[in-house]
Amino acid sequence: GDSVTQMEGPVTLSEEACLTINCTYTATGYPSLFWYVQYPGEGLQLLLKATKADDKGSNKGFEATYRKETTSFHLEKGSVQVSDSAVYFCALSEGGSEKLVFGKGTKLTVNP
Amino acid sequence: DAGITQSPRHKVTETGTPVTLRCHQTENHRYMYWYRQDPGHGLRLIHYSYGVKDTDKGEVSDGYSVSRSKTEDFLLTLESATSSQTSVYFCAARGAGLPYNEQFFGPGTRLTVL
């Protein structure tokens with residue numbers, strides 16, 4: 001079945017450092033891909049999405065590109081802030097499915 | 001947050017007792033979902049609903065039941081709670097017009113079963 005694998009955390013960075021969180025997926029068809037973010041004590045929020053190969057999703061300085069050839073959707077940010085500290089989840093949804101499949105999450109801590 | 005609330009936000013209960021968690025949404029979303037979040041597992045789908053009285057099982061449905069008698073409310077019931085059901089439970093909702101499964105999440109309910 002479909003699955004999502006993302007890099008183990010936790011990840012600790014200093015403010016203004018570059019961030020990459022790796023995400024790869026396994027799917028039978030052509031899924032849509034998502035990054036969700038969970039700030040401390042809150043529910044998940046959609047951060048960005050991409051619906052087809054080579055699409056780039058972007059939001060709040062974060063970017064991720066849908067790479068069909070490597071089945072990847074890595075999350076990147078050029079300069080992180082303390083306020084980016086959160087848990088990040090990669091997820092996919094097959095076309096026509098009502099369900100999201102999530103990775104296990106990566107906790108990011110950004111220190112001043 | 002698409003007007004999604006969950007109640008209670010925190011609950012401590014004993015093994016063997018029934019527990020009902022409520023999810024309420026104000027945006028008339030057609031689809032609603034219950035997930036549990038556990039360390040090392042991410043979010044796993046328990047049950048979901050695609051309309052009033054229409055529900056289906058997710059990947060971890062054993063020990064849980066759901067009901068949806070109104071569009072705005074989706075209830076999750078643990079008939080006889082066990083310690084393995086200690087978790088954080090999230091409700092989510094999605095409108096029929098939204099593509100690509102963009103779900104909106106509630107704030108979560110932390111359940112502890114002693």
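A few remarks follow.
- Residue that is among the polar types (S, T, N, Q), free of Cβ contacts under 8 Å to residues at least 24 places away in the same chain and over 23 Å from A:Leu46 (Cβ atoms), where the choices are B:Ser65, B:Ser80: B:Ser65
- Verdict on B:Ala81 being open to solvent by less than 20 Å² (accessible area, probe 1.4 Å), in a loop (DSSP other than H, G, I, E, B) and more than 24 Å from A:Lys104 (Cα to Cα): yes
- Restricting the stretch A:70-94 to residues that are of a type in the set (A, V, I, L, M) and within 14 Å of chain B (Cβ to nearest Cβ), the residue that is farthest from the chain's Cα centre (by Cα): A:Ala86
- Residues within the stretch B:42-60 that are more than 13 Å from B:Tyr89 (Cβ to Cβ) and touching a Ser or Thr at 6+ places or on another chain (Cβ under 9 Å), tallied: 7
Here's the yes/no breakdown for (1) of a type in the set (Gly, Ala, Ser); (2) closer than 22 Å to B:Pro18 by Cα; (3) outside any strand (DSSP E or B); (4) open to solvent by 50 Å² or more (accessible area, probe 1.4 Å):
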residue	(1), (2), (3), (4)
B:Asp56	no, yes, no, yes
B:Phe74	no, yes, no, no
B:Phe90	no, yes, no, no
B:Ala96	yes, no, yes, yes
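- Residue match in the stretch B:37-54 (condition: away from chain A (no Cβ under 14 Å), in a strand (DSSP E or B), open to solvent by 20 Å² or more (accessible area, probe 1.4 Å) and free of Cβ contacts under 8 Å to residues at least 40 places away in the same chain): no
- For the stretch A:15-112, the strands (runs of 3 or more DSSP E) that sit wholly inside it and include 3 or more residues that are open to solvent by less than 10 Å² (accessible area, probe 1.4 Å) and of a type in the set (Gly, Ala, Ser) are A:86-93.
- The residues in the stretch A:95-112 that are within 14 Å of another protein chain (Cβ to nearest Cβ) and among the hydroxyl-bearing types (Ser, Thr, Tyr) can be counted, and the count is 2.
- Failed item in (1) within 14 Å of chain A (Cβ to nearest Cβ); (2) open to solvent by 50 Å² or more (accessible area, probe 1.4 Å); (3) within 22 Å of A:Ser3 (Cβ to Cβ), with B:Asp62 passing the rest: (1)
- Only one of B:Thr5, B:Thr13 that is closer than 19 Å to B:Gly95 by Cβ and surrounded by 14 or more Cβ atoms within 10 Å (Cβ to Cβ): B:Thr5
- Test: residue in the stretch B:102-113 that is without any contact (Cβ under 8 Å) to a residue 24 or more places away in the chain, surrounded by 15 or more Cβ atoms within 10 Å (Cβ to Cβ), within 11 Å of another protein chain (Cβ to nearest Cβ) and under 28 Å from A:Lys49 (Cβ atoms): yes
The values are calculated or read from the model by the stated rules, or taken from the named source; none is laboratory data. Please read these numbers as outputs of a predicted model, since none were measured by experiment. With ideal geometry, Cβ positions are generated from the backbone for all residues, glycine too; neighbour counts draw on all protein chains shown. Quick note on the areas: whole protein, heavy atoms, side chains included, nothing else; ligands and nucleic acids left out. Shrake-Rupley method; radii C 1.70, N 1.55, O 1.52, S 1.80 Å.
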